[in-house]
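Down below is the structure, laid out as structure tokens.
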Amino acid sequence: MHRQRTTEHYELPESKVIRMAQRGDEGAFERLYRLHSARVYALCMRMLRNPDEAEDSTQEVFLHVFRKIQGFRGASAFSTWLHRVAVNTVLMRIRGSKLAKAALVECAEGNEECGAPRRELGAPDVRLEGYIDRVTIEDAIKQLPPRCKL
């Protein structure tokens, strides 16, 4: 029965499939996914230049479309609406990534909100001073012959 309904979706015009998907028909949504996922992935890949990120973004796009397909009114082509959803999804991903990186940089610079003292990147960490030397010396002593360890 399920195979027959899925086959029926492939014979229908896209506009009818969209209306069916808007009413919650999973097979119709699957058809839309199969029709457009390669193009959405290609767009995400062009924008992100990372296959894993592009794949994740493609999934995010179709999750968003699944939740918001009722909002598609048909004023433009479905592919145009989907393209806009994809671009916005990727831009939000990029913006979120930049905000996360900015927060890390601010914490590394010693922002009061992070509770860390200001320190220069690449500078020695005073909290580790002496520790690394002690570990190195202890490892070197372990390699000495027994008489020399004394």
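The values are calculated or read from the model by the stated rules, or taken from the named source; none is laboratory data. Since the model is a prediction, treat every value here as computed from it, not as a measurement. Cβ atoms come from the backbone with ideal geometry, glycine included; neighbour counts cover every protein chain shown. When the accessible area is computed, the model is the full protein with side chains, heavy atoms only, and any ligands, DNA or RNA have been set aside. Shrake-Rupley method; radii C 1.70, N 1.55, O 1.52, S 1.80 Å.
How much FRET efficiency would the formula 1/(1 + (r/R0)^6) give for Leu91 and Gln70, where r is the Cβ-Cβ distance and R0 is 30 Å, rounded to 0.05? Can you show the working numbers first?
Numbers: r = 23 Å, r/R0 = 0.76.
Result of the calculation: an efficiency of 0.85.
The three principal axes of the Cα atoms in the stretch 14-109 give end-to-end lengths of 56, 23, 23 Å, sorted in falling order. Measuring r between the beta carbons of Arg23 and Thr80 and using R0 = 22 Å, the FRET efficiency lands at 0.50.
Pairs of Cα atoms nearer than 8 Å and 6+ residues apart set the relative contact order; for the stretch 14-109 it is 24 percent. Protein heavy-atom accessible surface, 1.4 Å probe, per residue over the stretch 14-109: 62 Å².
With unit charges on the beta carbons (Lys and Arg positive, Asp and Glu negative) and the dipole taken about the Cα centre of the stretch 14-109, which residue among Phe62, Tyr41, Gly24 sits farthest to the positive side? Checked the options; the winner is Gly24. Residue-wise HN-Hα couplings along the stretch 51-57, as the Karplus relation 6.51 cos²θ - 1.76 cosθ + 1.60 with θ = phi - 60° gives them from phi, are x, 5, 5, 5, 5, 4, 5 Hz; Gly and Pro carry x.
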